[in-house]
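Peer 1: Before anything else, here's the structure in question.
Only the coordinates and a few stated rules stand behind these numbers; no lab work does. The structure displayed is predicted, hence computed values, not measured ones. We place every Cβ from the backbone using ideal geometry, glycine too, and count neighbours over all the protein chains shown.
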Amino acid sequence: MQGKLIVFEGVEGCGKTTQIQRSYTWLLHSPLFAALQANEVVNQLVVTREPGGTALGQTVRQWLLNPTVQSPLHDRAELLLFAADRAQHVEELLKPQLASGGLILCDRYTDSTVAYQGYGRRLNLDLIDQLNQVATNGLESDLTIWLDLDVAVGLNRTKRRGAADRMEAIDLSFHQRVQHGFTELARAHPHRIVRVDASLSEAEVSQQIQSILEQWLTRWYPPLSLTS
Ligand code: T5A
């Protein structure tokens, strides 16, 4: 068995968490996933996130997102904390799950570091690529679903939820650079990044994602192997 890593990316409030939950429920009840399980192609669905997919990651997440930390976090320290979270996540959860046939739905991965710390913080993009290599040990996403949404709309959605976390509280121009980063990434990696219009209703966004998942799962696991 060999699983797949499916990542959801986008700016604040673009709907990743909502859509990962909807995708999980849909997949769990879909005949396609049932056939994959029956044929022992994949064995389970896993939902995880960065930062915070492991016990270490939970602690790192507090440091990264808590808006009331005593002293400001330096940009390079922030970058390294995201990388540490990822290195642990890859070794402790992602690689073992993929090796045992897990289909993983992951909230953010390497593209977030490029968009937020590279384009947003303006740290060196080559350095970030190298650091992503170190953190992942070469593990790329098999598919990245980019929920493309206007930054102001996304931030408004998160505001309705309550107090902003440390990253959400950064100024609008930072988040606009992050959005530009995702646009550039999608342009540079069309073989793995698929854009979804996240300005539509939750149900309409789900429809788009379901048809992408159907298409990619069928491509990865050809229909002949799915007849149960
Ligand atoms: N980060 C992360 C980095 O800087 N570098 C990195 O390398 C990594 C990995 C993570 C933060 O860390 C940064 C990025 C982030 O700033 P987080 O808490 O995980 O922090 O925050 P986000 O990933 O941004 O998650 P959010 O919960 O803020 O946003 P989501 O998950 O995109 O959105 P969601 O689903 O929670 O929806 C937000 C609100 O909008 C509504 C929902 O009901 C909810 O209220 N909504 C919709 N409303 C209208 N129409 C739709 N289609 C809607 N879909 C959802």
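Peer 1: At a Förster distance of 30 Å, what's the computed FRET efficiency of E91 paired with V153, Cβ-Cβ distance as r, to 0.05?
Peer 2: Values: r = 36 Å, r/R0 = 1.21.
Once the sixth-power term is evaluated, E becomes 0.25.
Peer 1: Residue by residue, what Karplus-based ³J(HN,Hα) values in Hz, rounded to whole numbers, does region 107-117 have, using 6.51, -1.76 and 1.60 with θ = phi - 60° and x for Gly and Pro?
Peer 2: Taking θ as phi minus 60°, the curve returns 7, 6, 7, 4, 4, 5, 5, 4, 5, 7, 7 Hz for region 107-117.
Peer 1: Relative to a virtual label point 7 Å from the Cα of E184 in the Cα→beta-carbon direction, which members of region 127-157 show backbone nitrogen distances below 16 Å?
Peer 2: Within reach of a label on E184, which here means backbone N under 16 Å from a point 7 Å along Cα→Cβ, region 127-157 contributes 127-132.
Peer 1: Order of R61, R177, R108 from fewest to most other C-beta atoms within 10 Å?
Peer 2: Working: R61 20, R177 17, R108 23.
Exposure proxy ranking, most exposed first: R177, R61, R108.
Peer 1: Which value in deg cm²/dmol, rounded to the nearest 500, describes the helix-derived mean residue ellipticity at 222 nm for the chain, given -39,500 (n - 2.57) per DSSP H run of n ≥ 4 and division by the residue count? Show your work: numbers first, answer last.
Peer 2: Numbers: 9 runs with 109 residues, N = 228.
Helix contribution divided over all residues of the chain: -15000 deg cm²/dmol.
Peer 1: Still on this structure, please answer the following. Write out the GluC sites (Glu not before Pro) in region 1-40 meeting two conditions: DSSP loop, and at most 16 other Cβ atoms within 10 Å of their Cβ. Numbers along the way, then the final one.
Peer 2: Values: sites: E9, E12, E40; in loops: E12, E40.
Passing both the DSSP loop test and the Cβ count: E40.
Peer 1: A follow-up question, please. Cβ under 12 Å from D150's Cβ, D150 left aside: what net charge do those residues give with Lys, Arg +1 and Asp, Glu -1?
Peer 2: Details: positive: R157; negative: E12, D148, D197.
For residues surrounding D150, the net value is -2.
Peer 1: Within 10 Å of each residue's Cβ, count the other Cβ atoms and sort F8, F33 from fewest upward.
Peer 2: On the way: F8 26, F33 19.
In order of increasing Cβ crowding within 10 Å: F33, F8.
Peer 1: Among G162, L172, C106, whose Cα projects farthest towards the positive end of the dipole of region 4-224, with charges put on the beta-carbon of Lys, Arg (+1) and Asp, Glu (-1)?
Peer 2: Selected residue: G162.
Peer 1: Could you work out the relative contact order of region 4-224, using alpha carbon pairs under 8 angstrom and six or more residues apart, expressed as a whole percent? Mind dumping the intermediate values first?
Peer 2: Numbers: 312 pairs, mean separation 71.8, N = 221.
It rounds to 32 percent for region 4-224.
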